[in-house]
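The values are calculated or read from the model by the stated rules, or taken from the named source; none is laboratory data. Predicted, not measured: the structure shown is a model, and the values here were computed from it. Glycine also receives a Cβ, built like all others from the backbone with ideal geometry; neighbour counts cover every protein chain displayed.
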Amino acid sequence: MVLQREQPLRIWGKALPGQKVTVAFDHKIISVNVNADSLWRVSFPKQIATTKPRSVTIICGKEKVELRNILIGDIWVCSGQSNMEWPMAKEAHFGDELKNTNQPLIRFVNPPPAGRYVYGVAYTDSLNKRLNRNDFYQWNGWQSCDSNSVKDMSAVAYYFAKSIVAKENIPIGLINLSIGGAPIETFISREALQNSPQFVAKVQGNWLENEALPQWVRQRGNENVGNNAAEDDLGPNHAYKPGFAFEAGIKPLLSLAVKGVIWYQGESNSLEAARVAEYQDLQRLLIAD
């Protein structure tokens, strides 16, 4: 993996309340007792970028976990819709670029969201079961960039990372949360939308029938999950539901220090004049959130 340089290095997890957890990193050892809510967290001093692999060792009771091959550099969250999602294997110049894709300083997490490339049909039972915060993204761990692993990775994100590595020679970590067809509203927390007088209407009632949301997006949602029982007061869960991608993808990362976000989205919010007119303010809300 890559961990963020020049920021406190936070490591956290879950264990039985009251147990002692000991974490070793860079010749420093920190011990902490697990909280009553089963969570524990330690913080190491900020680190400079390095291409020398590091390790983290975590011990709790008789359990020992060692994370190896950790680089310190910059982490970028990559999100948006199909323009960001578009994989290297389908990129027009992939054949020419293939010889350059062995990039050991580029690492990425590329979890496929439930329903990727499934349009115009009702979801299967297996897809419907994944429409919850914990299972929506299939968190498949960090990968090193090479000619095989890069095939499914965002082409925009790959070229972005490659250009930084070439100029700065520092490790780059990419976390790809993009979803084809997704509107901006799914990446904004429900709380932020509720607290906005301008956009509170987007989180009132069943989202599949809410005219404050893009019509095309609601059509796609109805095709996939329109017959599902309501998951909550906003209706069935889906990748396009307001706040859903935030809960499933952004919120689990909030303890992780990152360099920034690259964003490539907008088409799903561009098909009606009212949606176009509000987009600038919605993007400001996304950034503030």
How many residues are farther than 28 Å from I164 by Cβ and within 12 Å of the chain's Cα centre (by Cα) when one looks only at the range 245-289? 1
Options A212, A257, A288, A245; residue that is hydrophobic (A, V, I, L, M, F, W, C), at pLDDT 95 or above and crowded, with 20+ Cβ neighbours inside 10 Å: A245
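Here are some residues: A89, A157. Which one is touching a Leu at 6+ places or on another chain (Cβ under 8 Å), part of a helix (DSSP H, G or I), of a type outside the set (D, E, K, R) and modelled with pLDDT of 95 or more?
Within the list A89, A157, the selection yields A157.
Are any residues in the range 106-138 in contact with a strand residue (DSSP E or B) (Cβ under 7 Å, 6 or more places away or on another chain) and either assigned to a loop (DSSP other than H, G, I, E, B) or free of Cβ contacts under 8 Å to residues at least 24 places away in the same chain (or both), and if so, which ones?
N110, P111, F136
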Those residues of the range 166-182 which are touching a Leu at 6+ places or on another chain (Cβ under 9 Å) and crowded, with 18+ Cβ neighbours inside 10 Å amount to I170, P171, I172, G173, I175, L177
Name the pairs whose Cβ atoms lie under 7 Å apart, with the first residue in the range 143-160 and in contact (Cβ under 8 Å) with a residue 40 or more places away in the chain, the second charged (D, E, K, R), and 6 or more positions between them or separate chains? S144/R107; C145/R107; S154/E85; A155/E91
Pick from the range 215-242, criterion of a type in the set (A, V, I, L, M) and more than 12 Å from R190 (Cα to Cα), ranking: surrounded by the fewest Cβ atoms within 10 Å (Cβ to Cβ): A229
Checking S144 against (1) polar (S, T, N, Q); (2) in a helix (DSSP H, G or I); (3) over 30 Å from I287 (Cβ atoms), which test does it fail? (2)
Which ones in the range 1-41 are part of a strand (DSSP E or B), under 30 Å from N110 (Cα atoms) and free of Cβ contacts under 8 Å to residues at least 60 places away in the same chain? I11, G13, K14, V21, T22, V23, A24, F25, L39, W40
